[in-house]
Structures are given as structure tokens and as C-alpha cells.
Amino acid sequence: MAAQVTPMPRSVCVVGGGIAGAGTAYALPEDVEVSVLESRSVGGRLASRRREGCVYDHGADHLRLADDDRAELVKAVVGDTLIEIPEPIHQFEADGTITDRPDEFTRWSGENGIDGIVWAVLEAAGADVEEGATVTGLACDDGEWVVSTGRDSRRFDAIVLATPAAATAVLLEAANWDAPVRRRLADVAADVPHQPVDVVALHYPFELDVSYYGLVSVERASDVVWLGRQECKPGHVPDGESLLTVQLGTLWSAANAGARPQETALEVAHRVAPLVGDDRLREPDWWDHHRWGRGLPSGGPEASLCDRTLEYDLAVAGDWVAGVGQAHAALDSGLAAGRKLAEQFGLEPVV
Ligand SMILES: Cc1cc2nc3c(=O)[nH]c(=O)nc-3n(C[C@H](O)[C@H](O)[C@H](O)COP(=O)(O)OP(=O)(O)OC[C@H]3O[C@@H](n4cnc5c(N)ncnc54)[C@H](O)[C@@H]3O)c2cc1C
């Protein structure tokens, strides 16, 4: 009888704890030890803040799950803390006219914030997660990857860069890794165009009398491009209150790059009031502002370029790899990276 071969334990470092990094960790089989190093907090641009009993998603407003397989996977992994947003999205014209919009997607957030979706995927993956761990150096040494943070250096069998394009470019640029694909991928990542996005949150101590969850502009060049009512997400806002998150258009963000957050917030409140048709919205009782300097990528590398890194046990993942700034595309990109690495190890991927 042939002796049973026990697979060697493998170790993978996933750099970046956004939805792409979580997808990668999930797709890798149990025999693989996965360490996720995240420079800030898990979730990345699936970001949530908490204040005065409210939760608001100030990066991606919701996760769209149009694909049945992906929806089943996310529902199974995230479980009861995945919340569906039942109200519809309407659209508005430049003159403020609001109309219904064909609704082809179900939209989701997490019960305690959209970042909870990323945490749930990482927990299901059994990954070892470290927040506040910025990777500052990479070296390919004797068939292993040496990953340095400000605190220490560790060795791994493989590495996944699930970082935004600009961070990936910087890491590859400086990496001690002698392969022609390093420079090519670093250049391509550095050149991915990104749009800045300003997001303002406006809180009110009263309810709004409207039927929609979100309003989206039909004009791409409009100042306000999206308004989301966080109170439509079960568990996010106490009864009797309203919390709007408003995304500003690229042109507005570029033209107002130096504006003070308070000016931005109050200007947004004055734009939102006539749009929703409620004058009380001019005076929020509190507000918040966040600028995503490189919020949304448009375009990305050719898939074949990314696949060329696999022979070095390195993979890249993220929305910029998918070529579109959408969370489900980032998740798919992460799942694909995990799957490809598993196959590289001769192991069966989880999905
Ligand atoms: C304002 C805004 C609204 C959006 N709205 C939607 C929406 O409604 N629906 C939708 O589907 N998508 C939306 N998106 C897009 C969506 O948020 C992104 O496509 C998705 O979150 C990208 O995931 P990611 O894992 O690729 O990257 P990220 O979420 O950016 O994760 C990458 C992680 O890498 C970490 N990192 C970077 N450098 C290092 C380093 N050196 N060491 C360690 N860690 C590092 C970062 O801190 C970050 O957490 C929106 C984006 C923005 C900005």
C-alpha cells in the first residue's frame, strides 16, 4: 500500500484587509496558514464609523450581489449579520426631478456596519488578522517571501498584494525581487487612474417622509452623485433620527480639494434640502466628512500580466485588478487570487 503523503503546511501573507484580501483568505484551503496584515483597519473602503448610537458606511454604501453564486457564498459566510436594504433607489435629473429606477440588484450591508462583512469573511477563513501592520518591504529570498513591517520581518511561502493600486506600485517598486514582471506590474499599477470622492454624513434628530433608500444622479458630472439614507439599514440609526451619506462628484471634489470640512458639510446640507424637498435638512445637528483621495479606480492591468507573477508565488488582488471600483468585483478578484495560489500549491481551493 502506498504511503499517505501529508501535505506540507503552507504559509501565505495577504497584505491588505479589504474585501479583496478577505476573499483571498477565504479561497485558500484550511491547510494553508493565512496571515492578513492590514495597515489601518479591516474593511478598507468598506468602511463604517460609529457615533452617538448611529452606524454609517462612509466608503462603499452597499455591496451589490447580482450574481447568484456570489450571493449564496456571502449569505452563507456572513450569516444573520448580513442585512438586506429593502427600500428602492430612485434617480434624479439635473433639475431635481426624482423618478423611479429599474432595480436590478439586491443591496446589502452589515448589521453593525459594512466593514462587518469583511470581518465575517476573514473569520470564516480562519485567518490570523493584524490591524495597524503596514507592510514596508518585500524581498524574494531563496524561494520564500520576506515581509517587513515597521515591527518585524517574517517569512512566507507566498504573498498576495490585496492593496490599492498606488500602494501596490510602491511595494513592487521597492521590492527586492529580481524578476522582469516586477517593474512592469509596478508601472501599470502606478498608472491606474483614480477618482477622488468626498463623502459627507449629515445627522438629523427627526425622520424623513420619503420612500426611497438612495438617490442617484443620472448626470455623471453632477455635484451630488449619491445620497444614501443610513436609517434604511436595519440597526444603523435609532428610531426618530435620520442620517444621510452624500457622495460628491469627481469634478466637485477636484474643484474643492482645499475646502474646509465644515464648509463642505454645510454646503452639501444646502444642496440636499431642495433635492429631498425638506428645508429642515439645511441644519444637521452633527456632520462628518471624509475624502477618499484615490476612491475609485478606472482601468487596470491585463489578466495575463497578473498571472505572470504566480510562478513566483505572488498574486495581486483588488478592485483595480478587476478594473472597476466595485466591492463585488474586488471580492471576485480576491477569490480568484486565492484559488490560483491554492492550485499553484497543488491544493483544492475552497471555492
Ligand atoms: C466613496 C466610495 C463609495 C463607494 N461605493 C460603493 C458602493 O456603493 N458599492 C460598491 O460595490 N463599491 C463601492 N465603492 C468601491 C469599493 O469600496 C471598492 O471597490 C472596494 O472596497 C475595494 O476593495 P479592495 O479590497 O480592493 O481595496 P481596499 O478596500 O482599499 O483594501 C485595501 C486595504 O489595503 C490596506 N493597505 C494598503 N497599503 C498597505 C500596506 N502597505 N500594508 C498593509 N495594508 C495596506 C489598506 O489600508 C486597505 O484596508 C465605493 C468606494 C468609495 C471610495
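The values are calculated or read from the model by the stated rules, or taken from the named source; none is laboratory data. Everything numeric here is computed off the predicted structure, so don't read it as measured data. FYI the Cβ positions are ideal-geometry reconstructions off the backbone, even for glycines, and counts take in every protein chain you see.
Below, the figures for the structure above:
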| quantity | calculated |
| --- | --- |
| Any chance residue 332 is away from the ligand (no atom under 16 Å from the Cβ) and in contact (Cβ under 8 Å) with a residue 40 or more places away in the chain | no |
| Residue match in segment 282-296 (condition: assigned to a helix (DSSP H, G or I), more than 8 Å from the ligand (Cβ to nearest atom) and not assigned by TED's automatic domain parsing to the domain that holds residue 204) | no |
| Matching residues in segment 304-319 - criterion: being over 11 Å from the mean Cα position of the chain (by Cα) and within 16 Å of the ligand (Cβ to nearest atom) | 306, 314, 315, 316, 317 |
| Residues located in segment 183-224, provided they are of a type in the set (A, V, I, L, M, F, W, C) and surrounded by fewer than 19 Cβ atoms within 10 Å (Cβ to Cβ) | 186, 190, 206, 208, 210, 216, 218, 221 |
| Selection from segment 116-127 of residues that are exposed (fewer than 15 other Cβ atoms within 10 Å of the Cβ) and within 14 Å of the ligand (Cβ to nearest atom) | none |
| Residue 14 being buried (at least 21 other Cβ atoms within 10 Å of the Cβ), within 12 Å of the ligand (Cβ to nearest atom), at pLDDT 95 or above and more than 24 Å from residue 201 (Cα to Cα) | yes |
| Single condition residue 190 does not satisfy, out of (1) in contact (Cβ under 8 Å) with a residue 40 or more places away in the chain; (2) in contact with a helix residue (DSSP H, G or I) (Cβ under 6 Å, 6 or more places away or on another chain); (3) more than 12 Å from the ligand (Cβ to nearest atom) | (1) |
| Residues of segment 95-115 satisfying the condition of being out of contact with any His (no Cβ under 7 Å at 6 or more places or on another chain), surrounded by fewer than 24 Cβ atoms within 10 Å (Cβ to Cβ) and touching a residue at least 60 places away in the same chain (Cβ under 8 Å) | 96, 111, 112 |
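Here is a yes/no grid of residues against (1) aromatic (Phe, Trp, Tyr); (2) farther than 21 Å from residue 233 by Cα; (3) buried (at least 18 other Cβ atoms within 10 Å of the Cβ):
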{"site": "24", "(1), (2), (3)": "no, yes, yes"}
{"site": "28", "(1), (2), (3)": "no, yes, yes"}
{"site": "32", "(1), (2), (3)": "no, yes, yes"}
{"site": "41", "(1), (2), (3)": "no, yes, no"}
{"site": "62", "(1), (2), (3)": "no, no, yes"}
{"site": "65", "(1), (2), (3)": "no, no, yes"}
